[in-house]
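Undergrad: Got a structure for you, written out below as structure tokens; questions coming shortly.
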Amino acid sequence: MMNSIIGTLRFKLSWTHGIVISLAISLVGLAAYRFIAYRTQQAFDRDLLLDTKLFVSHLSIDTDSFSVSTDGLTLPDVLTLEECGSYFVITDLDGQVLFRDLYSKYVKEMLRRGEMDGLLNEKSGFKRLTASDDTKFKFVTLPARDHGVSSRYLVHLGRNTEQLDAVLDESLSLFLYSVPVVLVLAILAAWYLAGRALKPFDEVAQTAEQLTSENLNTQIVSNYSEREIQRLVQSFNSMMERLNRSFQQMRQFNADVAHELRTPLSILQGENEIALRSTSLPDDVRAVLASNLEELERLTRVVNDLLTLAEADAGTEILKRKPVQLSPLLQELLEEMSPLAEESQLRIECRSLPDLHVLADELWIRRALLNVIDNSIKYSKRGGVIEVWLKPMDSNVQIGIRDHGIGIDPGDLPRIFDRLYRADPARTRTAGGSGLGLSIVKWIVEAHHGQISVISQPDEGTTIEILLPAVKASSPPTILGFWG
Ligand code: ADP
């Protein structure tokens, strides 16, 4: 089941579509993420730099009294900057800490642990720091103006980047989680769309599967307006037309050839028979003529079978159906065949034949049963038994013919209904077979909405069962005897 889905074009299209869409979304998403991250960092850095510049411009340092004030405000007021998450350290040019953000435990701790050493040696620019508890900071270093003249001090002002990092992390995870969801949605959408797009092709395939030599005039009527589908349907229909025409020509040719052969064959047969009646014929010539006559009879049978098939190919309209009582028909047939059975010392055993009716063309049904019984006689071993039965089966009638003859090889079984197929040509040629009998039988049974089945074992025998739809029967069963 899974294998049959995996091998479908629909599955491949869905997967390819899903992967392409997901890749495209991943690439666009990644580019968008990188751009947003870059712009957010840029905005963060700009704010930090502006804050630091503002801080520096209002800063006044009194190294004598070791105090720092901004715009006349004392250190504690400056510390309100901490509310914005800002921390600062002021160093001299050698990185010696002169003043620091006394209230910030992070700054205190980081200085104590030496985590700020790298920063203290910076003269300008941005630097990232990570505290021991993994809190992240970004600092910027600017020279402080001492009474607007020299820059003997450096201001390092930093901010906690947690909020910024959290926003970026969240957008990254949102993006990463959305990729599989997009993949699944893209596959489902593609599965649905591919299913819709491929439906017409499926319909064409279904129609093609139903085609046999009997319905080659089938044409697909399509309601799809898409050009590709219209083209496919048109190509299919014109191919069917060409095929149908070729088949018709072939059938006509077969029928014409068979027809043309029939007259010369019967003339040859007649002349051979007359020649054989002559008493003055040398023995060797007589033997040749007798063999010729046998061959001519075989050829006549083949030609007659070909004509029957040509008739059958014209369609089931040739059948003239009416209710047929099967038991008397079978009885009559068996009587007809009894001389042939006797010749091969065969016994035809018939079980009770119930009174069953079918709606059929009697002539054709008779032809089918004759062919099957004839085969049973031809392929039976001398002195054997052939069983024939008739019985009701659900809404059908079953006609069974079993012989205990040479049987059919399992490899030949599927082909015995093919035209001109003979399981063992050398063997059946002596039996007078043409390989057309069973294909005629099959056509007749199916034209009557019935079924034919064969069970056979080499050297054990063959059973042929024919099922035909029953129609109401009334009279009591006929009991039949034995022939042969
Ligand atoms: P044929 O005219 O050669 O008998 P059929 O179409 O009637 O052609 O049968 C096709 C082939 O099936 C035969 O050549 C024969 O080999 C095999 N066959 C048919 N019926 C029997 C049977 N009752 N027992 C053995 N083989 C059979």
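The values are calculated or read from the model by the stated rules, or taken from the named source; none is laboratory data. Computed from a predicted structure; not experimentally measured. Here Cβ is always computed from backbone atoms with ideal geometry, including for glycine, and neighbour counts include all displayed protein chains. Note: areas computed on protein heavy atoms with side chains; ligands, DNA, RNA excluded. Shrake-Rupley method; radii C 1.70, N 1.55, O 1.52, S 1.80 Å.
Undergrad: Please list the helices of the chain that count as membrane-span-like by this rule: a mean Kyte-Doolittle hydropathy of at least -1.0 together with Cα atoms stretching 18 Å or more along the helix axis, each helix being a complete DSSP H run. List each step's numbers first, then the result.
TA: Numbers: long enough: 9-57 (71 Å, 0.59); 162-209 (67 Å, 0.78); 227-277 (74 Å, -0.64); 283-313 (45 Å, 0.00); 326-343 (26 Å, 0.04); 362-378 (23 Å, 0.14).
Answer set is 9-57, 162-209, 227-277, 283-313, 326-343, 362-378.
Undergrad: Ranking request for peptides 263-274, 294-305: highest mean number of other beta-carbon atoms within 10 Å first, then the rest in descending order.
TA: Details: 263-274: 13.2, 294-305: 16.1.
Descending mean neighbour count gives 294-305, 263-274.
Undergrad: Label the range 333-468 by shape, choosing from rounded, prolate and oblate, from the square roots a ≥ b ≥ c of the eigenvalues of the Cα gyration tensor; if a/c is under 1.5 it is rounded, and otherwise prolate applies when a/b is larger than b/c, oblate when it is not. Spell out each step's value before the answer.
TA: Working: a/c = 1.63, a/b = 1.23, b/c = 1.32.
Verdict is oblate for the range 333-468.
Undergrad: Please state the shape class of the chain: rounded when a/c is under 1.5, otherwise prolate if a/b exceeds b/c and oblate if not, all from the C-alpha gyration tensor.
TA: Values: a/c = 5.17, a/b = 4.49, b/c = 1.15.
It is prolate, given that a/c is not under 1.5 and a/b is the larger ratio.
Undergrad: Counting only protein heavy atoms and a 1.4 Å probe, tell me what percentage of the chain's accessible area is made up of carbon and sulfur.
TA: Values: 15900 of 28060 Å².
After summing per-atom areas, the C and S share lands at 57 percent.
Undergrad: Okay, next question. Report the relative contact order of the chain, percent, no decimals, based on alpha-carbon pairs under 8 angstrom and at least 6 residues apart.
TA: 11 percent
Undergrad: What is the extension gain from Leu363 to Phe247, computed as 0.36 nm multiplied by their sequence separation minus the C-alpha to C-alpha distance, in nm to one decimal? The partial results should precede the final answer.
TA: Values: separation 116, 0.36 × 116 = 41.76 nm, distance 2.64 nm.
My answer for the length gained is 39.1 nm.
Undergrad: With respect to the cross-link table entries Lys320/Lys391; Lys442/Lys472; Lys381/Lys472; Lys53/Lys136; Lys320/Lys378; Lys381/Lys442, which display a Cα-Cα separation exceeding 32 Å? Intermediate results must be reported in sequence, preceding the final value.
TA: Details: Lys320/Lys391 24 Å; Lys442/Lys472 24 Å; Lys381/Lys472 38 Å; Lys53/Lys136 22 Å; Lys320/Lys378 30 Å; Lys381/Lys442 25 Å.
In this structure, Lys381/Lys472 lie more than 32 Å apart at Cα.
Undergrad: Report, by chain and number, residues whose modeled amide H sits under 5 Å from the one on Gly405, excluding near sequence neighbours (fewer than 5 apart, same chain).
TA: Lys381, Gly461, Thr462
Undergrad: What accessible area per residue comes out for the chain, rounded to a whole number of Å², with a 1.4 Å probe? Mind showing how you got there, number by number?
TA: On the way: 28060 Å² over 484 residues.
Ligands and nucleic acids excluded, the result is 58 Å² per residue.
Undergrad: Okay, next question. With +1 on the Cβ of every Lys and Arg and -1 on the Cβ of every Asp and Glu, and nothing else charged, how large is the dipole of the chain about its Cα centre, in debye rounded to the nearest 20?
TA: Working: 50 positive and 64 negative charges, 96 e Å.
Approximately 460 debye in magnitude.
Undergrad: Going by a ≥ b ≥ c, the root eigenvalues of the Cα gyration tensor, does the range 160-201 fall in the rounded group (a/c under 1.5), the prolate group (a/b larger than b/c) or the oblate group?
TA: Numbers: a/c = 10.22, a/b = 7.72, b/c = 1.32.
Prolate, since a/c reaches 1.5 and a/b exceeds b/c.
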